[in-house]
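Trainee: First the structure, then my questions, so here it is.
The values are calculated or read from the model by the stated rules, or taken from the named source; none is laboratory data. In this text the structure is predicted, and so the values were computed from the model without any measurement. Cβ sites come from the backbone with ideal geometry, for glycine too, and all protein chains shown count toward neighbours. Surface areas here come from the heavy atoms of the whole protein model, side chains and all, with no ligands, DNA or RNA. Shrake-Rupley method; radii C 1.70, N 1.55, O 1.52, S 1.80 Å.
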Amino acid sequence: MTKTAAVAALCLLALPAMAHPGHGDSVGFLAGFAHPFTGIDHLLAMLGVGLWGGQQRRSLAQPATFLGMMLLGALAGMAGLTVPGLETGIAATVALVGLAIALALALPNWLGMLLVGVFALAHGNAHGQELPAASAACGFLLASATLLCTGRCAGQVLAGRVLRVAGVALTAAGVVLMGVN
């Protein structure tokens, strides 16, 4: 199983250039829905937050917090507010959530919610800047909820060691993404 995880991590290293492909004039629901799946940083972060939540086997408060705070970040992005160092910050969220998974970090629920809320503000801000339409926001919120739930289910099913290896792979991918930005 360790060889499989290593191969998966190496495959992820080849993807950073695809982090934010051009969105053209597409800003509707489908463009918003596709966006979290086409940006490797967003994809990994949302799956990672879900994995971490599933690993902790707690309430749905963390995923709900992520979605709510992502919406606030998106609204700020749509209004033209930008976060300095946004791309590096988003890559750092991938590395940090991977580290939390790898260490099986069990924070008090309020602290975990605060942490994923900060992560979500950054991701939402990027989404709001890149796809500044209400229909796109509905699309990326639905896609994000899907990714969070998928990660959460996987986090509850995967064995401890496999989950920790996935965390290490996420951390490595986040570090590589930070170097690209």
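Trainee: Can you confirm whether residue 75 is open to solvent by 20 Å² or more (accessible area, probe 1.4 Å), assigned to a loop (DSSP other than H, G, I, E, B) and in contact (Cβ under 8 Å) with a residue 40 or more places away in the chain?
Mentor: No; evaluated as a whole, the condition is false for this residue.
Trainee: Among 102, 34, 64, which is the only one that is more than 24 Å from residue 135 (Cα to Cα), out of contact with any Pro (no Cβ under 9 Å at 6 or more places or on another chain) and open to solvent by 10 Å² or more (accessible area, probe 1.4 Å)?
Mentor: Result: 102 is the single residue among 102, 34, 64 that is more than 24 Å from residue 135 (Cα to Cα), out of contact with any Pro (no Cβ under 9 Å at 6 or more places or on another chain) and open to solvent by 10 Å² or more (accessible area, probe 1.4 Å).
Trainee: Among the listed residues 84, 132, 63, which satisfies the condition of being closer than 29 Å to residue 160 by Cα and not aliphatic (A, V, I, L, M)?
Mentor: 63
Trainee: Please determine whether any residue of the stretch 88-99 is open to solvent by 40 Å² or more (accessible area, probe 1.4 Å), on the phi < 0 side of the Ramachandran plot, out of contact with any helix residue (DSSP H, G or I) (no Cβ under 6 Å at 6 or more places or on another chain) and at pLDDT below 95.
Mentor: So far as the stretch 88-99 goes, no, none of its residues is open to solvent by 40 Å² or more (accessible area, probe 1.4 Å), on the phi < 0 side of the Ramachandran plot, out of contact with any helix residue (DSSP H, G or I) (no Cβ under 6 Å at 6 or more places or on another chain) and at pLDDT below 95.
Trainee: Related question: For residue 111, work out the one condition from (1) among the aliphatic types (A, V, I, L, M); (2) free of Cβ contacts under 8 Å to residues at least 12 places away in the same chain; (3) open to solvent by 70 Å² or more (accessible area, probe 1.4 Å) it doesn't fulfil.
Mentor: It is condition (3) that residue 111 fails.
Trainee: Moving on to the next point. Assuming residue 137 fulfils every condition listed in (1) touching a His at 6+ places or on another chain (Cβ under 9 Å); (2) without any contact (Cβ under 8 Å) to a residue 40 or more places away in the chain apart from one, which condition is it?
Mentor: Result: residue 137 fails condition (2) only.
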